[in-house]
Amino acid sequence: MLQIWEVSKDYQLKGRKVRILDDVSLKVEDGRFLAILGASGCGKTTLLRIVAGLEEANEGKVFFRGEEITKPSAQWGMVFQDHALFPWRNVQENVELGLEIKGLKKTERRELAVKYLTLVGLSDHLTKLPNELSGGMKHRVALARTLASNPSMFLMDEPFAALDTQTKKELQRELLQIWSIEKKMVLFVTHDVEEAAFLADMICVLSSCPGRVKEVVVNHLPRNEDCSRSKGKEFYELKERLLSLIDKGW
Amino acid sequence: MKHPLLLKAMGVVIALFLWQIVASSHVLGDDFGSSFSPVNALTSLFHLALSGDLAKQAVPSLKRIFVGMTAATFLGVIVGIVIGLYGSIQYLTYMPFQFIRMTSPLAWMPIAIILLGIGDRPVYFLIAVAAVWPVIINTYSGVKRVSRIWIEVIKTLGGNDWLVLTKVIVPAIIPYVMTGLKVAVGISWIILVPAEMLGVSSGLGYFILDCRDRFSYDEMMAVILVIGMIGLILDSLIGILQDHYNWSL
């Protein structure tokens, strides 16, 4: 279980203190898919970075399985908005990075990298360099890299925001398939209402300036066999409800 | 503009032609002007190459470049990384470094000889002093351009600071280090010739003075040609390395 407990965060902006997150509390059970939804600048990325241990909260604490999160760890893997691949490493070497850090042997590393690259449909592109890949493929590699290091919790910061609609839909379905196999907790930051409604079990809507939990919406829409959701009348009703909850950030 | 190779070859021919005109025009004196001509220089070059005299002088020069450059690369990369990572050290070293960088390495020659004696070692030292700055400066700017996200990726995969250094910073700066080496090899090859005119008895710089003292100006011109050609080759070799290790392409 993940517990975010009364987290607040201030930034210094031109010598002035600006509160970006205010008293955010959340509980997420293992295996659940939580979307953190909000307008641009509402602090949702900051909240995710605090959970990742990349930033410190000014007040409050975060616990994962009873342990306080104070620094980054391979136990909570992050997928960045900018895919953040290493341009001097080929696809397979990028995926092996986390395994090198864990100190795995070369043959084990290769086996796991190929396994996860097959899972994201890139087994034919092992030796390509990142700049030879399309945007969607780069995000698949980034996903495989995080998957391969086998974290207990996935933190995803608008991973598909920069992609075209078609690629985005493909990757959303693939993510759900992987999630249905791995059964790990996912925290997925997005500003896309439809994405949140399609993917998540629970949707935490943040208000803007400062970011506060406006409402945690439980998504009761049934999942298909591949964990996706059919986009019928109820789906669009949920989408409308989420839209009405989001403040416009400006 | 569509035939760069042809134009480059034509440039060589034109340069040789102009050289021949100057040599035959008696501006260098009536008696020995013709010994400076390209024909005589190329003939001497051929004889020097055959007799092994050329290799005898070029090998010590190349060895000095290699030793000096190796020292400069190690020192330059380490210093560049340190000042790139620690802002306070960068500020602390800024003025002294700029001061030393702007003094001619040859000005250090007397001190180098007092400290290191006569022979190869002061030449190594001068080459290293000349070559280290471009390596430091380019390594530093490479470190400054390392993306913060790359470092965060390592941290979120469970890596510590040492792994940030070995998995991110070192590979990320390689193209910048190569740029530094390209500049450095050019400078050190230029510095080598005057350095070899001071206190050593082998090498291409020494050989120029030796030819002058023997009044064999054709051989002297041949050595100048060789110096230019080796410089060109060294530059191209680093250029090949540069292309090979350039992940940003």
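The values are calculated or read from the model by the stated rules, or taken from the named source; none is laboratory data. As the structure is a computational prediction, the values presented were derived from the model and not from experiment. Methodologically, a virtual Cβ is constructed for each residue, glycine included, from the backbone with ideal geometry; neighbour enumeration extends over all protein chains shown.
Since residue B:142 meets every condition but one in (1) without any contact (Cβ under 8 Å) to a residue 60 or more places away in the chain; (2) away from chain A (no Cβ under 12 Å), which condition does it not meet?
For residue B:142, the exception is condition (1).
Considering only residues that are within 14 Å of another protein chain (Cβ to nearest Cβ), assigned to a helix (DSSP H, G or I) and in contact with a helix residue (DSSP H, G or I) (Cβ under 8 Å, 6 or more places away or on another chain), which ones fall in the range A:120-131?
First, the residues of the range A:120-131 that are within 14 Å of another protein chain (Cβ to nearest Cβ): A:128-131.
Then keep just the ones that are assigned to a helix (DSSP H, G or I); that gives A:130-131.
Matches in the range A:120-131: A:130 only.
Which of the residues belonging to the range B:196-222 are over 21 Å from residue B:119 (Cα atoms) and in contact (Cβ under 8 Å) with a residue 60 or more places away in the chain?
Of everything in the range B:196-222, those that are over 21 Å from residue B:119 (Cα atoms) and in contact (Cβ under 8 Å) with a residue 60 or more places away in the chain turn out to be B:215, B:216, B:217, B:218, B:219, B:221, B:222.
Name the residue that is surrounded by the fewest Cβ atoms within 10 Å (Cβ to Cβ), counting only residues in the range B:152-211 that are away from chain A (no Cβ under 14 Å) and on the phi > 0 side of the Ramachandran plot.
Restricting attention to the range B:152-211, the residues satisfying the condition of being away from chain A (no Cβ under 14 Å) are B:179-211.
If we keep only those that are on the phi > 0 side of the Ramachandran plot too, we end up with B:199, B:203.
Values: B:199: 16, B:203: 25.
In this case the residue turns out to be B:199.
Of the conditions (1) loosely packed, with under 14 Cβ neighbours inside 10 Å; (2) under 26 Å from the mean Cα position of the chain (by Cα); (3) under 28 Å from residue B:195 (Cα atoms); (4) at pLDDT below 90, residue B:50 clears all except one; give me its number.
Here residue B:50 meets the rest and fails (2).
Would you check which residues across the range B:117-128 are hydrophobic (A, V, I, L, M, F, W, C) and at pLDDT below 90 and list them? First the steps, then the outcome.
Step one: list which residues in the range B:117-128 are hydrophobic (A, V, I, L, M, F, W, C), which gives B:118, B:123, B:125-128.
If the condition is that a residue be hydrophobic (A, V, I, L, M, F, W, C) and at pLDDT below 90, then B:118 is the only one that fits.
What residue, of A:215, A:158, A:195, is closer than 22 Å to residue A:62 by Cβ and either buried (at least 18 other Cβ atoms within 10 Å of the Cβ) or small (Gly, Ala, Ser) (or both)?
Numbers: A:215 fails: either buried (at least 18 other Cβ atoms within 10 Å of the Cβ) or small (Gly, Ala, Ser) (or both); A:195 fails: closer than 22 Å to residue A:62 by Cβ.
Going through A:215, A:158, A:195 in turn, the sole match is A:158.
For residue A:31, only one of the following conditions fails: (1) more than 14 Å from chain B (Cβ to nearest Cβ); (2) in contact (Cβ under 8 Å) with a residue 60 or more places away in the chain; (3) part of a strand (DSSP E or B); (4) under 20 Å from residue A:199 (Cβ atoms). What is its number?
(3)
Taking the conditions exactly as written (away from chain B (no Cβ under 14 Å) and of a type in the set (Asp, Glu)), does residue A:164 satisfy them or not? If you could, list the steps in order and put the result at the bottom.
Values: away from chain B (no Cβ under 14 Å): yes; of a type in the set (Asp, Glu): yes.
When the stated conditions are applied, residue A:164 passes them.
Just give me the residues in the range A:62-101 being crowded, with 22+ Cβ neighbours inside 10 Å, facing chain B (nearest Cβ under 8 Å) and assigned to a helix (DSSP H, G or I), in sequence order.
A:97, A:98
Take residue A:104 and decide whether it is of a type outside the set (D, E, K, R), outside any loop (DSSP other than H, G, I, E, B) and either in contact with a helix residue (DSSP H, G or I) (Cβ under 9 Å, 6 or more places away or on another chain) or within 12 Å of chain B (Cβ to nearest Cβ) (or both). It would help to see each step written out before you state the result.
Working: of a type outside the set (D, E, K, R): yes; outside any loop (DSSP other than H, G, I, E, B): no; either in contact with a helix residue (DSSP H, G or I) (Cβ under 9 Å, 6 or more places away or on another chain) or within 12 Å of chain B (Cβ to nearest Cβ) (or both): yes.
Against the criterion (of a type outside the set (D, E, K, R), outside any loop (DSSP other than H, G, I, E, B) and either in contact with a helix residue (DSSP H, G or I) (Cβ under 9 Å, 6 or more places away or on another chain) or within 12 Å of chain B (Cβ to nearest Cβ) (or both)), residue A:104 does not qualify.
Quick one: would you say residue B:96 is over 19 Å from the mean Cα position of the chain (by Cα) and more than 14 Å from every other protein chain (Cβ to nearest Cβ)? Reasoning before the result, please.
Values: over 19 Å from the mean Cα position of the chain (by Cα): yes; more than 14 Å from every other protein chain (Cβ to nearest Cβ): yes.
Criteria met by residue B:96.
Would you please list the contacts, defined by Cβ atoms under 6 Å and residues six or more apart or on different chains, that run from a residue in the range A:135-160 that is under 12 Å from residue A:96 (Cα atoms) to a residue that is aromatic (Phe, Trp, Tyr)?
Taking only residues 6 or more apart or on different chains, the pairs are A:144/A:116; A:147/A:116; A:148/A:116.
Taking the condition within 14 Å of chain B (Cβ to nearest Cβ), assigned to a helix (DSSP H, G or I) and under 24 Å from the mean Cα position of the chain (by Cα), does residue A:117 pass?
Working: within 14 Å of chain B (Cβ to nearest Cβ): no; assigned to a helix (DSSP H, G or I): yes; under 24 Å from the mean Cα position of the chain (by Cα): yes.
Here the answer is no, as residue A:117 does not meet what is asked.
Collect the residues in the range A:34-61 that are more than 12 Å from chain B (Cβ to nearest Cβ) and acidic (Asp, Glu), keeping them in residue-number order.
A:56, A:59
Might you let me know whether the range A:81-98 holds any residue that is farther than 30 Å from residue A:124 by Cα and touching a strand residue (DSSP E or B) at 6+ places or on another chain (Cβ under 8 Å)? Before you say what the answer is, go through the steps one by one.
Taking the range A:81-98 first, the residues farther than 30 Å from residue A:124 by Cα are none.
Scanning the range A:81-98, I find no residue that is farther than 30 Å from residue A:124 by Cα and touching a strand residue (DSSP E or B) at 6+ places or on another chain (Cβ under 8 Å), so the answer is no.
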